[in-house]
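Each remark here refers to the structure printed beneath this line.
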Amino acid sequence: MSETRDTRLPFSLEPVLVGLLFGSIGLFGVIYGIGEWAPELASRHGAGIDTMMTYLMVTTGAMFLTGHLAMALFIWQGSRRTRISHRLASPRFEKRLSIALGVLMAVVAEGGVVAIGLPVWNEYFMAEAPPDAVTVEVVGQQFFWSVRYPGADGEFGATDIQLMDDVVNPIGLDRSDPVAVDDIVWLNEIYVPVNRPVRVVLRSKDMIHSFFLPHLRVKQDVIPGMVPEVVFVPTREGTFELACAELCGLGHYRMQGFFHVVSDAEFTSQLERLASEQ
Ligand SMILES: [Cu+2]
């Protein structure tokens with residue numbers, strides 16, 4: 001019987017390589033995610049949404065990581081055992097531990113969502129538009145957005161489906177209605193003043209679209225037959241993308257608009273310009 005020299009490493013290389021692989025993917029994911037996963041914030045309620053996203057990411061990420069590390073540990077330990085009947089703990093202890101961990105995870109994840117999310121929900125979804133809010137009506141259709149301001153009287157004039165014409169009168173505004181005379185209708189460009197509440201009244205002419213302002217953390221489905229509203233406060237001047245976030249046909253990709261958050265003076269002058277071009 002000849003003696004062979006043991007050339008194996010004192011530890012197994014596979015777990016190290018697998019650990020390095022997943023560790024580096026996770027690390028790059030976090031580094032990329034911090035900078036890229038949401039565009040720079042431009043609304044008041046959005047801060048709460050971002051906090052909740054970060055909270056969920058960190059807590060569920062930690063649970064995911066802990067779970068997988070525990071599983072890796074058990075696989076590694078199991079591979080070194082000679083008997084398969086070995087138990088780490090009594091069945092009763094295992095059952096109790098499973099229930100306790102399940103409840104703990106639910107409380108951490110769901111409890112955090114409720115605690116952080118409810119105030120945001122109340123501010124964003126339950127908000128009554130304050131009296132000084134700027135009201136804009138946005139009507140989605142394949143594949144553009146009609147934007148309407150009520151004008152000096154603060155009231156939207158009548159519309160009539162018979163008057164609709166995609167080129168000259170997409171929302172079918174009835175100019176014979178005295179209330180409609182000062183309405184301002186425009187396409188794909190929305191102007192709002194900074195730091196003032198905005199109330200967006202949404203309609204759709206054909207199918208489901210979705211009014212999405214990523215920088216302002218605003219997303220609302222626009223459903224034919226319903227008139228959903230969103231109320232929010234833009235906090236940063238700039239031109240932000242308005243995208244349709246509901247696949248609505250072949251031209252969905254070009255159903256884009258621009259949301260201009262400007263100073264009060266600029267807002268007034270832009271509305272005057274648009275009014276003069278009616
Ligand atoms: Cu659309």
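Over the chain, give the accessible area per residue in Å² for a 1.4 Å probe, as an integer.
For the chain, the per-residue accessible area is 64 Å².
Could you work out [θ]222 nm for the chain from helices alone, using -39500 (n - 2.57) per DSSP H run of at least four and dividing by all its residues? Round to the nearest 500 deg cm²/dmol.
It comes out at -13500 deg cm²/dmol, rounded to the nearest 500.
With the cut-off at 1.5 for a/c, could you classify region 134-276 from its C-alpha gyration tensor as rounded, prolate or oblate?
Because a/c hits 1.5 or more and a/b fails to exceed b/c, region 134-276 counts as oblate.
Over the chain, what is the relative contact order in percent, taking alpha-carbon pairs closer than 8 angstrom and at least six residues apart?
19 percent
Mind checking Rg over Rh on the chain, alpha carbons, Kirkwood formula for Rh?
Dividing the radius of gyration by the Kirkwood radius yields 1.21.
Rounded to the nearest 20 Debye, what is the dipole magnitude of the chain about its Cα centre when Lys and Arg each give +1 and Asp and Glu each give -1 at the C-beta? Spell out each step's value before the answer.
Working: 21 positive and 32 negative charges, 531 e Å.
Once rounded to the nearest 20, the dipole reads 2560 debye.
I'd like the antiparallel share, as a percent to the nearest 5, of DSSP beta bridges with both residues in the chain.
The answer is about 70 percent antiparallel.
Could you work out how far apart the two model spin labels at K95 and D206 are, taking each label as a point 7 Å from the Cα in the direction of the beta carbon, and quote it in nm?
That separation, rounded to one decimal, is 6.0 nm.
What does the C-alpha gyration tensor say about the overall shape of region 142-185? Classify as rounded when a/c is under 1.5, otherwise prolate if a/b is larger than b/c, or oblate.
Oblate.
For region 125-173, which whole-number percentage of the solvent-accessible area (1.4 Å probe, protein heavy atoms only) is attributable to carbon and sulfur atoms?
Carbon with sulfur: 53 percent of the solvent-accessible area.
Roughly how much of K205 is accessible, in Å² to the nearest 10, using a 1.4 Å probe?
In the full protein context, K205 sits at about 70 Å².
Percentage of Cα-Cα pair distances in region 64-135 greater than 20 Å, rounded to whole percent? Present the calculation step by step, with values, prior to reporting the outcome.
On the way: 1532 of 2556 pairs.
That tail contains 60 percent of the Cα-Cα pairs.
Once a ≥ b ≥ c are taken as the square roots of the eigenvalues of the Cα gyration tensor of region 173-246, is the result rounded (a/c under 1.5), prolate (a/b larger than b/c) or oblate (a/b not larger than b/c)?
Oblate is the answer for region 173-246, as a/c is 1.5 or above yet b/c matches or exceeds a/b.
Percent of accessible area on region 41-124 owned by carbon and sulfur, 1.4 Å probe?
Looking at region 41-124 in its full context, I get 73 percent from C and S.
W37: accessible area at probe 1.4 Å, nearest 10 Å²?
Accessible surface of W37 is approximately 120 Å².
For F144, F28, F240, F93, give me the order by solvent-accessible area with a 1.4 Å probe, most accessible first, ignoring ligands, DNA and RNA.
Result, largest first: F28, F93, F144, F240.
Positive end of the dipole of region 134-276, charges at C-beta (+1 Lys, Arg; -1 Asp, Glu), about the Cα centre: which of F144, Y253, V198 has its Cα farthest in that direction?
Y253
Please report the spacing between the Cα centers of region 53-105 and region 122-201 in Å, no decimals.
55 Å
Using a 1.4 angstrom probe on the protein heavy atoms only, line up S176, S90, S146 by accessible area, largest first.
Ranked list, largest accessible area first: S176, S90, S146.
The values are calculated or read from the model by the stated rules, or taken from the named source; none is laboratory data. Everything numeric here is computed off the predicted structure, so don't read it as measured data. Here Cβ is always computed from backbone atoms with ideal geometry, including for glycine, and neighbour counts include all displayed protein chains. For accessibility, only protein heavy atoms count, side chains too; no ligands or nucleic acids. Shrake-Rupley method; radii C 1.70, N 1.55, O 1.52, S 1.80 Å.
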